[in-house]
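Have a look at the structure below before the remarks.
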Amino acid sequence: MTYEEAQSLIEATLPEKRYIHTLGVVETADRLARLYGVDIEQARLAAMLHDYAKYFDADMMRQVVIEENLDPSLLEFDDELLHAPVGAILLDRAYDLDPAVVSAIKNHTTGEPGMSRLDQILFVADAIEPNRSYPGVDTLRDLADRSLEAAVVATLRQTIDYLLKKSVRIFPLTIETYNHFVKTP
Ligand code: DGI
Ligand code: FE
Ligand code: FE
């Protein structure tokens, strides 16, 4: 799948606001890929496709989890978690994508212990793209220019903080990713 094909698909699939977010993630992932010596074409394609399934029907996505033998614990947590792994598998099924791109899409919401630098770039770019606005986002943007791994940890810390404040359950993979990337003294 070329970047242009992905762009047409995403422009036709997502509402305008989410498409604008996506363009911000592409721009940010492109910049981080250049900065950290990661494949720019893979980063742009993964960013363009990352929220493909964001507004898909939750029951349909739960069905995909079952049929494709994805982690069954996804069914016990917030439906928000489904769009990353389900989007990745549906896109791969339809377009036979580069496995590195599939992995970045799959891991963009929770991260994954030991995730690749391409995965890390999409994970961070999603959190800091120019249209994002939440307390601390500028600190995260500065950090992303200095250390990709430190930005991954800080992004996870901000996500976990946000989930704690909302009193919602935290998906174990989010915590496991945090534990993997955090530097212990
Ligand atoms: O799809 P985006 O909004 O661009 O960003 P995303 O893919 O990072 O999704 C963010 C959503 O996922 C947000 O509503 C919080 C939720 N989320 C992320 N990690 C966890 C989580 N929800 C729960 N319950 N547990 C998690 O660990
Ligand atoms: Fe997402
Ligand atoms: Fe996103």
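GNM, the chain, Cα, under 10 Å: largest mean-square fluctuation among Ala84, Ala58, Ala43?
Ala58
Give, rounded to the nearest 20 debye, the magnitude of the charge dipole that the range 3-181 has about its Cα centre when Lys and Arg contribute +1 at Cβ and Asp and Glu contribute -1 at Cβ.
With only Lys, Arg, Asp and Glu charged at Cβ, the dipole is about 620 debye.
I'd like the Karplus ³J(HN,Hα) series for the range 14-27: coefficients 6.51, -1.76, 1.60, θ = phi - 60°, whole numbers in Hz, and an x wherever there's a Gly or Pro.
9, x, 4, 4, 6, 5, 5, 4, 4, 4, x, 5, 4, 4
Once the principal axes of the Cα atoms of the chain are found, what is the range along each, listed largest first in whole angstroms?
That gives 43, 36, 28 Å along the principal axes, largest extent first.
Counting helices only, and only those DSSP H runs with n ≥ 4, report the 222 nm mean residue ellipticity of the chain as the sum of -39,500 (n - 2.57) divided by its residues, in deg cm²/dmol to the nearest 500.
Computed ellipticity for the chain at 222 nm equals -21000 deg cm²/dmol.
Only loop residues by DSSP count here, and only those with at most 16 other Cβ atoms within 10 Å; note down the GluC sites (Glu not before Pro) in the range 49-86 that meet that.
Answer by residue number: Glu68.
For the range 83-178, state which trypsin sites (Lys or Arg not before Pro) are in a DSSP loop and have at most 14 other beta carbons lying within 10 Å of their beta carbon.
Lys166, Arg169
None of the figures in this text is laboratory data; all of them are computed from the coordinates on show. Keep in mind that what you see is a predicted model, and the values were worked out from it rather than measured. No Cβ is skipped: glycine too gets one built from the backbone with ideal geometry, and neighbour counts run over all protein chains shown.
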